[in-house]
Amino acid sequence: MNIVRLGLRRGGLEIKEFLRQRESVVFTLAFPVILLFIFGSVFKNTIAPGVTFSQYFVAGMVASGLVNTGFQQLAISIPMSRDLGTLKRLRGTPLSPISYFIGKAIVVTAAMLFQVALLLGFGALLFGLHLPKSATLWLRFTWLILLGSACSTVLGIAFSSIPKSGRGASATVSPIVIILQFISGVFFVFSDLPKWMQDIAAVFPLKWLTQGMRSVFLPDSFALKEAGHSWEIGKIALILIAWLILGTYFSIRTFKWAKE
Amino acid sequence: MTSQHAAISVTGLRKTYAGKDAVAGLDLEVHRGEIFAILGPNGAGKTTTVEILEGYRTRDAGDVLVLGEDPSHPSSGDRTWRNRIGIVLQSAADAPDLTVKETVHHFAHYYAKAKNPDEVIGLVGLSDKASAKVATLSGGQRRRLDVALGIIGSPEILFLDEPTTGFDPEARRAFWGLIRTLRDEGTTILLTTHYLDEAEALADRVAVINKGQVLEVATPETLGGRATAPALVTWSEGGKLCSESTQTPTEFLKALSARIGGEIPDLAITRPSLEDIYLGMIGQL
């Protein structure tokens with residue numbers, strides 16, 4: 001289909017643009033590694049038998065990487081493109097918004113794959129990170145990344161209609177992401193958080209992404225320490241799919257190429 | 001009454017912002033294959049009108065047909081209709097990290113009947129800059145890239161909003177040549193401009209818009225009774241600059257010549273410029 005074909009083309013073009021923006025490449029790809037370095041150097045404790053904080057933290061970093069590269073990046077950059085007139089020009093062509101969305105999903109997924117490779121590489125080299133051992137876990141890791149990227153992309157596009165300007169976008173989006181990271185078990189062990197905070201976090205996808213990532217990086221014995229005393233893989237998939245559908249619906253319904 | 005054969009036909013167009021009429025019952029008809037210029041001061045409703053024609057904005061009342069379709073919901077589908085139009089926006093700063101060639105080639109994929117991208121780059125005079133990143137282009141070069149992206153899809157109508165802002169005189173002449181070539185190939189061109197010399201050089205017909213309405217539509221030569229306006233004869237006599245406004249400059253000159261004898265110092269005969277006529281029409285003179 002033409003819409004998909006153009007979406008793939010846009011994805012290729014956006015990856016090319018992304019790679020040429022040195023600052024954003026370094027920031028997007030290296031930031032999680034730097035955080036891992038800081039946290040891994042400060043917290044050398046183990047949080048459960050055989051589970052270092054670094055190991056726990058990597059799961060959280062991969063999950064919040066999905067939120068940063070997709071949701072946060074798009075919710076800020078799309079209003080900026082809208083201010084610059086980039087989107088208005090696209091609106092004047094026969095390009096379908098769906099192709100534009102597909103292109104965004106592709107660049108987000110590609111950036112995510114780079115980021116994960118870098119994070120896991122550094123983690124394994126410097127902090128003795130244990131990589132998943134079974135094919136099942138790698139498979140789960142893959143669908144979590146793909147579903148997470150797609151979910152994060154559509155939610156970023158949907159959210160991009162809310163800020164009135166590119167300048168306001170960063171101020172609106174960044175606090176939301178940081179708060180979500182704190183309450184979703186990225187920087188703290190989730191089960192240590194107060195119950196009410198856990199309940200709030202459980203509404204949003206980041207909590208489920210971090211939990212899914214923990215199921216990949218932590219030993220199965222750790223599942224008992226989870227809020228639901230199991231990894232809840234089926235529930236994770238359902239909740240992410242629900243957010244994906246919701247995000248897609250709002251992306252299509254509310255997407256604005258230009259300010260009227 | 002709207003004609004199916006017109007490239008653009010607008011009747012009773014109205015658009016209100018916060019209780020104020022930006023466009024107040026505007027009528028317009030652009031023929032296929034002509035260069036049509038819209039002139040008007042800032043805030044006259046030019047941009048609003050053009051953006052309604054381009055399908056960027058909705059209207060509050062009136063009928064609009066562009067290539068026989070309503071831009072707000074074309075019956076053939078938005079994508080199909082957009083395949084037939086080209087838009088050069090006033091300002092578009094995008095994709096600074098891509099090269100000219102990459103940008104034009106990419107946009108070519110959007111259209112069903114795209115022109116050859118390399119030929120289009122040549123047509124707008126950017127062949128030397130084909131491998132340059134968009135960020136490194138000068139203002140005028142960037143504008144030419146905008147034009148390349150506007151014409152890449154072989155549009156039946158091309159919308160040009162202030163196309164030569166920031167051009168040096170040479171680039172402007174070259175650009176006018178390009179627009180005439182497109183017209184000669186059958187493209188209808190709707191141009192908004194602040195440069196009256198540009199409208200005069202390019203347009204087959206011009207419309208003057210003020211306060212959301214069309215004041216007059218005419219050829220640049222006949223706008224505002226320009227063709228029949230009195231000529232202004234100026235000369236020096238006895239160390240003083242004299243002038244006479246007359247319908248019969250030849251007769252006047254004969255008499256003047258007989259009175260002074262020999263060369264008349266500082267003699268000039270001028271008709272009102274398009275700018276004089278225009279400023280008179282919008283009440284600025």
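The values are calculated or read from the model by the stated rules, or taken from the named source; none is laboratory data. Here the structure is a predicted model, which is why all the values come from computation and not from measurement. Please note: Cβ atoms are built from the backbone with ideal geometry, for glycine as well, and neighbour counts cover all protein chains shown. Only protein heavy atoms, including side chains, enter the accessible area calculation; ligands, DNA and RNA are left aside. Shrake-Rupley method; radii C 1.70, N 1.55, O 1.52, S 1.80 Å.
Residues in the range B:208-246 that are in a loop (DSSP other than H, G, I, E, B), out of contact with any helix residue (DSSP H, G or I) (no Cβ under 7 Å at 6 or more places or on another chain) and open to solvent by 60 Å² or more (accessible area, probe 1.4 Å): B:Lys211, B:Thr222, B:Gly238, B:Gly239. Contact annotation: residue pairs with Cβ atoms under 6 Å, 6 or more positions apart or on different chains, pairing a residue in the range B:38-57 that is more than 11 Å from every other protein chain (Cβ to nearest Cβ) with a partner that is open to solvent by 40 Å² or more (accessible area, probe 1.4 Å), are B:Ile52/B:Arg59. Among residues of the range A:209-231 that are farther than 14 Å from A:Ala48 by Cβ, those with a beta-carbon under 7 Å from a residue that is open to solvent by less than 50 Å² (accessible area, probe 1.4 Å) and of a type in the set (Ser, Thr, Tyr) at least six positions away or on a different chain give the pairs A:Thr210/A:Ser184; A:Trp231/A:Ser215. The number of residues in the range A:5-47 that are over 19 Å from the mean Cα position of the chain (by Cα) and either away from every other protein chain (no Cβ under 14 Å) or open to solvent by less than 70 Å² (accessible area, probe 1.4 Å) (or both) comes to 18. For the subset of the range B:60-84 comprising residues that are at the interface with chain A (Cβ under 8 Å from one of its Cβ atoms) and buried (at least 19 other Cβ atoms within 10 Å of the Cβ), which member is nearest to B:Tyr17 (Cα to Cα)? Residue satisfying both the conditions and the ranking: B:Arg82.
Checking the range B:40-55 against the condition returns no match, with no residue being farther than 25 Å from B:Ala199 by Cβ and modelled with pLDDT under 95. Hey, among A:Leu238, A:Leu218, A:Leu246, which residue is over 16 Å from the mean Cα position of the chain (by Cα), under 18 Å from A:Ala63 (Cα atoms), more than 14 Å from chain B (Cβ to nearest Cβ) and at pLDDT 95 or above? One residue alone meets the criteria, A:Leu238. For the range B:114-164: of the residues being in contact with a Phe, Trp or Tyr (Cβ under 9 Å, 6 or more places away or on another chain) and more than 21 Å from B:Leu191 (Cβ to Cβ), which is least open to solvent (accessible area, probe 1.4 Å)? This residue is B:Pro117. Cβ-Cβ distances below 7 Å connect the following pairs, each with a first residue in the range B:63-74 that is within 12 Å of B:Ala7 (Cα to Cα), a second residue that is part of a loop (DSSP other than H, G, I, E, B) and open to solvent by less than 20 Å² (accessible area, probe 1.4 Å), and a separation of six or more residues or different chains: B:Val64/B:Pro71; B:Leu67/B:Ala7. Against the test of being open to solvent by less than 10 Å² (accessible area, probe 1.4 Å), part of a helix (DSSP H, G or I) and small (Gly, Ala, Ser), the options A:Ala111, A:Ala124 yield a single qualifying residue, A:Ala111. For first residues located in the range B:251-280 and open to solvent by less than 50 Å² (accessible area, probe 1.4 Å), partners that are among the aromatic types (Phe, Trp, Tyr) and lie 6+ apart or on another chain with Cβ distances below 9 Å form the pairs B:Leu256/B:Trp235; B:Ile264/B:Trp235; B:Ala268/B:Trp235. Each residue in the range B:103-119 was checked for being within 10 Å of chain A (Cβ to nearest Cβ) and closer than 20 Å to A:Lys88 by Cβ, and 6 of them qualify. Selection over the range A:173-186 of residues that are in contact (Cβ under 8 Å) with a residue 24 or more places away in the chain and either surrounded by fewer than 16 Cβ atoms within 10 Å (Cβ to Cβ) or assigned to a helix (DSSP H, G or I) (or both) gives a count of 6.
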